[in-house]
Amino acid sequence: MKVIGLTGGIASGKSTVANFLKEKGYVIVDADIASRKAVEIGSAGLAEIRTVFGDEVIQEDGTLNRKALGEIIFNDPLERQKLNDILHPRVRDIMEAEKAIGLAQGKTVVMDIPLLFENKLEHTVDEVWVVYVPEMIQIERLMSRNTLTLEEATSRVSSQLSIESKKQKADKVIDNSGTLEDLFQQLEQLVTANQK
């Protein structure tokens, strides 16, 4: 069975693609969900984040204050690296366990990893599919989706490897700059080709 790495830029439509593939029977292992599990109340990950970043990144109910943490890490590469050092090993363990279960069931597994190239995880999958939209569309979608200013949206987009670089490194490029219908048509073709 095949392991596909699914990635793209922020606001490129990766979740839409993952949901489509899930409906087609693929097992989706989502890095964002694994990241949330890694910082659940009572987890070692959350305790270490509190130790490194302080009580201000923990809400009154004991959960992670993502907004406060985001403000610290989005504009400071060193702080972002500290968070990555805490989270990545834990997230990887959770994802590897889920991948093993999917493969044991004889299914194609999709590793949904936004920072696949940034974290040099290409070697952990058989093939990389990149959901692509031009950077300006990313910024526009991010501004409207998260009600961000142009500056905030641009800062988030530029915190990742450029979408053009990801496109160049992809085994398969899924162009999501058109309509949903265009997107689903491309995905139908990919799924059919993948069954051969």
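The values are calculated or read from the model by the stated rules, or taken from the named source; none is laboratory data. Remember, predicted model here, so these are calculated numbers, not experimental data. Every residue, glycine among them, receives a Cβ derived from its backbone with ideal geometry; neighbour counts consider all protein chains shown. SASA here: full protein model, heavy atoms, side chains in, ligands and nucleic acids out. Shrake-Rupley method; radii C 1.70, N 1.55, O 1.52, S 1.80 Å.
Quick notes
- Elements of type helices (runs of 4 or more DSSP H) contained in the stretch 1-95, each with 2 or more residues being over 30 Å from V130 (Cβ atoms) and either open to solvent by 40 Å² or more (accessible area, probe 1.4 Å) or not polar (S, T, N, Q) (or both): 44-53
- Some residue of the stretch 107-115 being open to solvent by 40 Å² or more (accessible area, probe 1.4 Å), over 23 Å from R36 (Cβ atoms), modelled with pLDDT under 95 and among the aliphatic types (A, V, I, L, M): no
- Of residues in the stretch 155-172 being crowded, with 17+ Cβ neighbours inside 10 Å and not basic (K, R), the one modelled with the lowest pLDDT: Q160
- In the stretch 173-196, the residue that is modelled with the highest pLDDT out of those that are within 23 Å of L116 (Cβ to Cβ) and part of a loop (DSSP other than H, G, I, E, B) is N176.
- Residue match in the stretch 137-145 (condition: out of contact with any strand residue (DSSP E or B) (no Cβ under 6 Å at 6 or more places or on another chain), over 27 Å from V39 (Cβ atoms) and of a type in the set (V, I, T)): yes
- In this entry, M143 is excluded by the filter for residues that are without any contact (Cβ under 8 Å) to a residue 40 or more places away in the chain, open to solvent by 90 Å² or more (accessible area, probe 1.4 Å) and either charged (D, E, K, R) or within 26 Å of F20 (Cα to Cα) (or both).
- Residue check, G102 surrounded by 15 or more Cβ atoms within 10 Å (Cβ to Cβ), more than 18 Å from the chain's Cα centre (by Cα) and closer than 26 Å to V17 by Cβ: yes
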